[in-house]
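Engineer: Take a look at this one; I'll ask things after.
The values are calculated or read from the model by the stated rules, or taken from the named source; none is laboratory data. Only a predicted model underlies this, so the values are computations on that prediction, with no experimental measurement involved. Note that we place each Cβ from the backbone using ideal geometry, even for glycine, and neighbour counts take in every protein chain shown. These area figures cover heavy atoms from the full protein model, side chains too; ligands, DNA and RNA do not enter into them. Shrake-Rupley method; radii C 1.70, N 1.55, O 1.52, S 1.80 Å.
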Amino acid sequence: MLRLLTAAAATALAFSAVLIAGASTTDTDDHYKPANTTVKSTSTKTVATASTGVSLTCTNSTTSGKTPATGLGLFIITPPKFNDGYTATGKPKPCTDSARGTDVIATSGTWQAGFIDAAGDETAIEPNAGDRFRIIIPKAGAVDHNSFGCTITFAPAGPFALTG
């Protein structure tokens, strides 16, 4: 189920709209546009598959963060919310899985996101195929409580970087 949080990368891809260029050691003018601005990312379908073949689907994922004033460094994002939307009373609906169960994903800690520029692409239009997005999940930053009574902790030993 570690791939669940790879889905966070899909959620955060909406941040790609703020990328003007990627960071490399020779391309020093790369920055987010707009810089020093709060941005929000939303995904309407996040799917993760475990090595067992069980897949998890969340139809609502959100996070936000403030881009750095300069450069392309990592920036702090709110712990993502993964659910299937909200009830009329505002309560989040659990995600569903292919084993016909439901999953409540709790996130916490200091999450980070940022772009990685492909080396040697300074003459290419940004963003380009070599650029990547990285999300850092903090230690135990996400916990899946499913309807089968299982609890799955993501990044249990320390921070984990997802790059895609």
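Engineer: I need a count of the residues in the range 73-99 that are among the aliphatic types (A, V, I, L, M), open to solvent by 70 Å² or more (accessible area, probe 1.4 Å) and in contact (Cβ under 8 Å) with a residue 12 or more places away in the chain.
Structural biologist: At the first step, the residues of the range 73-99 found to be among the aliphatic types (A, V, I, L, M) are 74, 76-77, 88, 99.
Filter once more, so that each one left must be open to solvent by 70 Å² or more (accessible area, probe 1.4 Å): 74, 76, 88.
Narrowing further to those that are in contact (Cβ under 8 Å) with a residue 12 or more places away in the chain: 74, 76.
Qualifying residue count for the region: 2.
Engineer: Quick one: in the range 45-56, which of the residues that are open to solvent by 70 Å² or more (accessible area, probe 1.4 Å) and either of a type in the set (D, E, K, R) or in contact with a strand residue (DSSP E or B) (Cβ under 7 Å, 6 or more places away or on another chain) (or both) is modelled with the highest pLDDT?
Structural biologist: Filtering the range 45-56 for residues that are open to solvent by 70 Å² or more (accessible area, probe 1.4 Å) and either of a type in the set (D, E, K, R) or in contact with a strand residue (DSSP E or B) (Cβ under 7 Å, 6 or more places away or on another chain) (or both), the one modelled with the highest pLDDT comes out as K45.
Engineer: In this structure, is I125 surrounded by 15 or more Cβ atoms within 10 Å (Cβ to Cβ) and hydrophobic (A, V, I, L, M, F, W, C)?
Structural biologist: No.
Engineer: What residue, of T102, T59, T70, T110, is modelled with pLDDT of 95 or more, open to solvent by 40 Å² or more (accessible area, probe 1.4 Å), out of contact with any Pro (no Cβ under 7 Å at 6 or more places or on another chain) and not hydrophobic (A, V, I, L, M, F, W, C)?
Structural biologist: T59
Engineer: Are any of the residues in the range 104-118 among the polar types (S, T, N, Q) and farther than 20 Å from G141 by Cβ?
Structural biologist: no
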